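What follows is a set of notes on a single structure, which appears directly below.
The values are calculated or read from the model by the stated rules, or taken from the named source; none is laboratory data. Keep in mind it's a predicted model, so treat the numbers as computed, not measured. Cβ placement follows ideal geometry from the backbone for every residue including glycine, while neighbour counts extend to all protein chains displayed. We work out accessible area using only protein heavy atoms, side chains counted, and drop any ligands, DNA or RNA first. Shrake-Rupley method; radii C 1.70, N 1.55, O 1.52, S 1.80 Å.
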Amino acid sequence: MNSEKILIIGACGQIGVELTLALRQLYSNNQVIASDLRPEVHPLLEGTGSYYTIDATDIKAVAELVQKEKVTQIYLLAALLSATGEKMPMKAWDINMNSLLQILELGVEQKLSKIYWPSSIAVFGTTTPKNDTPQKTIVEPSTVYGISKYAGELWAQYYHRRWGLDVRSLRYPGLISWKSTPGGGTTDYAVEIYYEALKNKQYTSFLSENTYLPMMYMDDAIRGTIELMEAPGEQIKSRMAYNLSAMSFSPKEIAAVIQKHIPNFKIDYAPDFRQAIADSWPSSIDDTGARMDWHWQHRFDLDKMTEDMLRNLSK
Ligand code: VAH
C-alpha cells in the first residue's frame, strides 16, 4: 500500500475528479498524482495533492513524469466520448487508442504494477442481445468511441497474456454525478436533467421518452473501480473489461422520480443525433462475472440516486 504511486491521466474529467479524490482517501495525498490536458486544476482537486498539465498522447512527457515521480500505477481516463467522437472520428481514435497503446508499452518498459483503463457498454452494437447483455456476446460497436473501447480491451488482454501486464477495465454504463459534469456523452441527459429541474423546472431531453439505457451513480462506479483494482490478481478472471451494472431507466422514468421531489417539473423530448447512438446500445447489462469474481454489488437505485443528486446540487 505505502510504496504505490498512482498517476491519474484525465483527472479533471467526470470520472477523474471523483477517482482522484477517492484514491487520495484510500492512499495518501502525495501517493496520488493528478494530471490533465487542462492547466487549470478542477476546484475539487485544488490543494489535495500534486497536479501536472500533460497530454495523454505525449508519451515522452508521460514517461518522464513516470520516472520523475516513480509512478507504479496509471489510471488512464482521457478519452473523447460517444457523441463527440462521432463529430471528430480520427481525433477520437487518436486520443482514445494511441494514449492507451503508448501507456501499455510504457507499463511493460517501466514494470508498472497495475494499469486501469475504462471501457463502456458502448462496445455493444445493434447486433448484441439488447436485454441482460452477457459478458461474452456479439460485439459490433457502431460508434468510433465504441470501436476504440473494444479495440482497447483486446490490446489490454494482449499485453496481459504476452507480458503479464496487470491491466484492468470496466464497461461502465452511463454515469451520473454532481461533483463534476460529463462532456460529450450520449447519456449526459441523465445529468443535465437534474441541473435543469432545479434551475428551470423544465428539461428538453435529446433522447426519446422510452430510451432505456444502463446507468449507474458515480459513487457506485468509483467504489467498483477501486474494488476491482484492489482485488487480488487471481480473482480477475476476465482481462477484457468487466460488464458492470446497477440500473436501467428511461428519460420518462427519471423525470417521474424527479417530480416526486419537484412536482411542477416538466419534461419534453427533442431527439437528436444521439438517439441513434443510444438505440445501438443495450437496455440492460448482465454483470454476473463482476459479482462472482470480485464481489461487485451496486448500492444506488434511481430513487436513492435522485435524492442524493438533488440534495447535493441544491447546496
Ligand atoms: C457516453 N457516458 O455517453 C459515455 C458512456 C455508456 C455511455 O460510455 O458516451
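Observations on the structure shown:
- Tensor-based shape of segment 95-164 (alpha-carbon gyration tensor, a/c under 1.5 rounded, otherwise prolate or oblate): prolate
- Å² per residue, accessible surface of segment 151-210 at 1.4 Å: 39 Å²
- In the chain, Cα pairs under 8 Å separated by at least six residues give a relative contact order of 18 percent.
- Once the 1.4 Å probe is applied to the protein heavy atoms, segment 66-112 comes out at 45 Å² accessible per residue.
- Table column - 3J(HN,Hα) (Hz), segment 38-55, Karplus curve with 6.51, -1.76, 1.60, x for Gly and Pro: 7, x, 6, 7, 4, x, 5, 8, 3, x, 9, x, 6, 9, 10, 8, 8, 9
- GNM top mover of HIS261, HIS298, HIS160 - the chain, alpha-carbon springs below 10 Å: HIS261
- A cut-off under 14 angstrom between Cβ atoms defines the neighbours of GLN73, and their net charge, with Lys, Arg +1 and Asp, Glu -1, is +2.
- Taking each of LYS91/LYS304; LYS87/LYS237; LYS199/LYS304; LYS136/LYS201; LYS179/LYS201 in turn, the alpha-carbon distance tops 30 angstrom for LYS91/LYS304; LYS87/LYS237; LYS136/LYS201.
- Net +/- balance of residues flanking ASP166 in space, Cβ distance below 14 Å, scoring K and R +1, D and E -1: +4
- Rolling a 1.4 Å probe over the protein heavy atoms of the chain, with every protein chain left in place, gives an accessible area that is 54 percent carbon and sulfur.
- Global form of segment 38-194, assessed from the alpha-carbon gyration tensor, a/c cut-off 1.5: oblate
- For the set THR48, THR211, the ranking by accessible area, highest first and with no ligand, DNA or RNA atoms included, is THR48, THR211 under a 1.4 Å probe.
- Kirkwood radius and radius of gyration were both taken over the C-alpha atoms of segment 158-215, and their ratio Rg/Rh is 1.21.
- With the largest listed first and rounded to whole Å, the semi-axes of the equivalent ellipsoid of segment 131-189 from the Cα gyration tensor are 25, 16, 12.
- With Cα atoms as the point set, segment 1-84 shows a radius of gyration and Dmax of 12.1, 40 Å.
- Distant-in-sequence amide H partners of SER248 (H built 1.01 Å from N, under 5 Å): MET215
- Listed by chain and number, the aspartates and glutamates placed with their C-alpha closer than 13 angstrom to that of LYS252 are GLU209, ASP268; residues fewer than eight positions away on the same chain are left out.
- Mean-position separation - Cα centroids, segment 223-275 and segment 1-71, in angstrom: 25 Å
- Using a Gaussian network model of the chain in which every pair of alpha carbons under 10 angstrom is joined by a spring, one finds that among MET97, MET218, MET88 the greatest mean-square fluctuation is at MET88.
- The chain: C-alpha gyration tensor shape, a/c 1.5 cut-off, then a/b vs b/c: prolate
- For chymotrypsin sites (Phe, Trp or Tyr not before Pro), the sites in segment 250-315 that DSSP calls loop and that have at most 13 other Cβ atoms within 10 Å are PHE273.
- In sequence order, segment 127-139 has phi-based couplings of 8, 7, x, 6, 10, 6, 4, x, 4, 10, 6, 5, 10 Hz under the Karplus curve 6.51 cos²θ - 1.76 cosθ + 1.60, θ = phi - 60°, and Gly or Pro positions carry x.
- Shown in residue order for segment 220-229 are the 3J(HN,Hα) couplings computed by the Karplus curve 6.51 cos²θ - 1.76 cosθ + 1.60 at θ = phi - 60°: 5, 5, 5, 5, x, 4, 5, 5, 4, 6 Hz (x for Gly and Pro).
- Close amide-amide hydrogen proximity is noted between LYS266 and GLN202, TYR203, each under 5 Å apart and 5 or more residues distant or on a separate chain (H modeled in the peptide plane; Pro and chain starts excluded).
- Residue-count net charge about ILE267 - beta-carbon cut-off 12 Å; Lys, Arg +1, Asp, Glu -1: -2
- Around the amide H of LEU165, modelled in the peptide plane, lie the amide H atoms of HIS160, all under 5 Å away and 5 or more residues distant in sequence or on another chain.
- Segment 101-176 versus segment 185-213: alpha-carbon centroid distance in Å: 28 Å
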